[in-house]
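Worksheet: one structure, shown below.
The values are calculated or read from the model by the stated rules, or taken from the named source; none is laboratory data. Note that the coordinates shown come from a computational prediction; the quantities given were computed from them, not determined experimentally. Note that each Cβ is placed from the backbone with ideal geometry, even for glycine, and that neighbours are counted across all protein chains shown. To get the accessible areas, we keep the full protein, side chains included, count just its heavy atoms, and leave off ligands, DNA and RNA. Shrake-Rupley method; radii C 1.70, N 1.55, O 1.52, S 1.80 Å.
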Amino acid sequence: MVSSRLIAALQIQSKALQEIHEYLRSRRFLEIMPIILSTTTDPLGPDPGSSIITTPHIDYLGQSLVLTQSMVLHKQILVSSGIERFYVMSPNVRLEHPDRNSTKRHLFEFSQVDFEIAHGTMEDVFMIVEGLLKSVTRRVLSDCADELDEWSRLLKCPARFKRYSSVELLDRYGEDWETAASLDATDPFWVIDLKREFYDAEEPERPGSYRNYDLIYPEGYGEALSGGEREWEYERLVKRILHDGLPLSRFSSYLEHAREGFVPSAGAGLGVERLTRYLVGADHVGDIQTFRRVPGERVVV
Ligand code: ASN
């Protein structure tokens, strides 16, 4: 039997998703369908936050296809092909190391609300995400009081979104700044400039600094979203991929599109299960999944 708490969490999640759809559609975002098998996917590295054991391949009719780790590469192709503002409820498979169980926020299968804006900037993304999180919280507070009671959750609407650089947080909290800074915070906050994948734009004037960001929930819930302005020029992408020690051949179909011409863009992905965990105040993100997909735990069904 599914517990009444889980049902309450799913009701809150459903309400949050309704608000996300309405919010994005009313701001002219087109919803597209996800893909889960491709010739290439987000490498998720080199990123200190990632601990992927392997990227699963499926052989189909003589082609080796990968499962989606994120749709970011496809987002860049689409945003450059005339779909200038879109979002996708995107299932991702990330075969994380079992030690990720202890973070309480990692799943090896989850969904993210992934969006991209042609010619967008960090500021555009900040404005959309801050408004989105406020609307979702307000909606849940007004429509799901009984469900929040079921979790004894005192949820509050975000008041402000401070901004920090990753270096600042590293200095103040050390390597595990994400959890420590999150525990210290009472409102969600932005972390800017993280050394991450090749597709996040490097500051043109300051190599080694990046125009990317994470949004971190307060109260110890940690990362909610990650995104960035993108590298979009073919030569820059080739340089960044090589700098990361990745084989160009892995990204050949993507690079062909880049050579034809990408446009600058910015976007982000908001984890759906992490949002639900935060809204209800669940201990572990797996606690709000219908079918748990927690690194290190055996899959039951
Ligand atoms: N969705 C993220 C982005 O837009 C990428 C990711 O999930 N790794 O940057």
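Taking amide H as placed 1.01 Å from N in the peptide plane, the amide H of Glu223 sits under 5 Å from that of Tyr217, each at least 5 places away or on another chain.
Filter Lys104/Lys134; Lys134/Lys195; Lys75/Lys156; Lys15/Lys104 down to the pairs with a C-alpha to C-alpha distance above 26 Å, please. Where the Cα-Cα span goes over 26 Å, the pairs concerned are Lys134/Lys195; Lys75/Lys156. Cα centroid separation, the range 245-301 to the range 1-52: 8 Å. Remark: relative contact order (the chain) = 23 percent; criterion is Cα-Cα distance under 8 angstrom and separation of 6 or more residues.
Dividing the alpha-carbon Rg of the range 186-246 by 2.2 N^0.38 Å yields what? Intermediate values should be presented prior to the final figure.
Working: Rg = 13.5 Å, N = 61, 2.2 N^0.38 = 10.5 Å.
So the Cα radius of gyration is 1.28 times the expected 2.2 N^0.38 Å.
Taking only protein heavy atoms and a 1.4 Å probe, what accessible area per residue, in Å², does the range 151-229 have with all protein chains in place?
Spelled out: the 1.4 Å probe surface of the range 151-229, per residue, equals 46 Å².
Helix 4-26 versus the longest principal axis of the chain: what angle, 0 to 90°, nearest 10, using Cα atoms? Long axis of 4-26 versus the principal axis of the chain: about 50 degrees.
Find, to one decimal place in angstroms, the Kirkwood hydrodynamic radius of the chain, where the mean of 1/r is taken over every pair of different Cα atoms and then inverted.
Details: mean 1/r = 0.0504 Å⁻¹.
19.8 Å is the Kirkwood radius here.
Taking the helices alone, the chain has a mean residue ellipticity at 222 nm of -10500 deg cm²/dmol, built from -39,500 (n - 2.57) per DSSP H run of at least 4 residues and averaged over all its residues.
Other residues lying with their Cβ under 11 Å from the Cβ of Arg230 contribute a combined charge of -3, Lys and Arg counting +1, Asp and Glu -1. Projected onto its three principal axes, the C-alpha set of the range 213-301 covers 45, 30, 21 Å, listed from the longest axis down.
Among the GluC sites (Glu not before Pro) within the range 76-179, those in coil by DSSP and having at most 13 neighbouring Cβ atoms inside 10 Å are Glu175. With distances taken between every two different alpha-carbon atoms, the range 108-236 has a Kirkwood hydrodynamic radius of 16.2 Å. Label sites at Glu219 and Phe291, each approximated as a point 7 angstrom past Cα along Cα to Cβ, lie 3.0 nm apart. Taking all protein chains into account, the per residue accessible area for the range 40-140 stands at 40 Å² (1.4 Å probe). Based on C-alpha pairs under 8 angstrom that are at least 6 apart in sequence, the range 199-301 has a relative contact order of 22 percent. Nonpolar atom fraction for the range 1-132, defined as the carbon and sulfur part of the 1.4 Å probe accessible area, stands at 58 percent. The Gln63 and Met127 beta-carbon pair, evaluated with R₀ = 41 Å, returns a calculated FRET efficiency of approximately 0.50.
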